[in-house]
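Encoded as structure tokens, the structure appears first; notes follow it.
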Amino acid sequence: MLFSRKPADIPSPEDALPGRSHPIPTADTHFVLGRDLKAPLPDGFETITLGLGCFWGAERKFWELDGVYLTAAGYAGGHTPNPDYREVCSGQTGHNEVVKVDFDPSIVSLDDILKTFWEAHDPTQGMRQGNDVGTQYRSGIYTSSDAQAEAAKASRGTYQKALAAAGHRGEITTEIVPLKDFYYAEDYHQQYLAKNPNGYCGIGGTGVSCPIGLGTTA
């Protein structure tokens, strides 16, 4: 998962790789949940897309939550259309490794999703997560509504205070922006740790609890 001499900054649209006009092949079915990976959302469900380091370990954090309908590993936050993994890892597409989370808010609240997000990684590390270095490992929340954006920004402030109170130095670098495009990653990346239980997982948090998430809503 590590590539050397990658750029430390996101390229401009003009400097990004050209990509391709067609999607890259991916899985048809979620390996764990058994649903069509691109199934339309049932009425009332929501989607939020999250970047918190290598998407292998990150995706598992969310498919394990009750109320999560589907997860998918993919790429977001960049410029190159329909990128593949090697292009993203070059740092020349601007994309982040992300997990798309489809969830039923009557079972698992957005606060619960965000609490899991903050506690599963260190959001103060900039363009890296642990030993994984590069723009594709940055912390990011890619929202699908104004309400999600407001909740995400509020939770960022709450977690910053919690980190400071615990003596954790550093400012949160998490980008919070509307989702522009989500591109599914290749088949072998989907639910990787379910297929490879002893596979690499770079996910590790700060050990500081995030004081949001007041339980599920009825």
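For the reader, a short list of remarks on this structure follows.
- If you check Pro83, Pro11, Pro40 for being surrounded by fewer than 17 Cβ atoms within 10 Å (Cβ to Cβ) and over 19 Å from Ala120 (Cβ atoms), only one passes: Pro40.
- Restricting segment 174-190 to residues that are surrounded by fewer than 15 Cβ atoms within 10 Å (Cβ to Cβ) and not charged (D, E, K, R), the residue that is farthest from Pro211 (Cα to Cα): Tyr188
- Pro18 being over 13 Å from the mean Cα position of the chain (by Cα), surrounded by fewer than 18 Cβ atoms within 10 Å (Cβ to Cβ), touching a residue at least 24 places away in the same chain (Cβ under 8 Å) and closer than 28 Å to Ala152 by Cα: no
- In segment 117-151, residue surrounded by the most Cβ atoms within 10 Å (Cβ to Cβ) [restricted to those that are among the acidic types (Asp, Glu) and out of contact with any Cys (no Cβ under 6 Å at 6 or more places or on another chain)]: Asp122
- Any hit, segment 2-14, residues being modelled with pLDDT of 95 or more and of a type in the set (D, E, K, R): yes
- Residue within segment 201-208 that is free of Cβ contacts under 8 Å to residues at least 40 places away in the same chain, surrounded by 14 or more Cβ atoms within 10 Å (Cβ to Cβ) and not in a helix (DSSP H, G or I) present: no
- Selected residue (only one of Gly67, Gly53 is surrounded by 24 or more Cβ atoms within 10 Å (Cβ to Cβ) and under 24 Å from Thr158 (Cβ atoms)): Gly53
- Segment 132-145 residues that are more than 16 Å from Thr80 (Cβ to Cβ), paired with ones that are outside any strand (DSSP E or B) and of a type in the set (Phe, Trp, Tyr) (beta carbon under 9 Å, 6 or more apart): Val133/Phe3; Ser139/Phe117; Ile141/Phe117
- In segment 62-94, the residue that is farthest from Lys180 (Cα to Cα) out of those that are under 12 Å from the mean Cα position of the chain (by Cα) and not aliphatic (A, V, I, L, M) is Phe62.
- When restricted to residues that are of a type in the set (Phe, Trp, Tyr) and surrounded by fewer than 20 Cβ atoms within 10 Å (Cβ to Cβ), segment 191-200 contains 1.
The values are calculated or read from the model by the stated rules, or taken from the named source; none is laboratory data. Note that the structure is predicted; figures quoted are calculated from it, not measured. Positions of Cβ are backbone-derived with ideal geometry, glycine not excepted, and every protein chain shown enters the neighbour counts.
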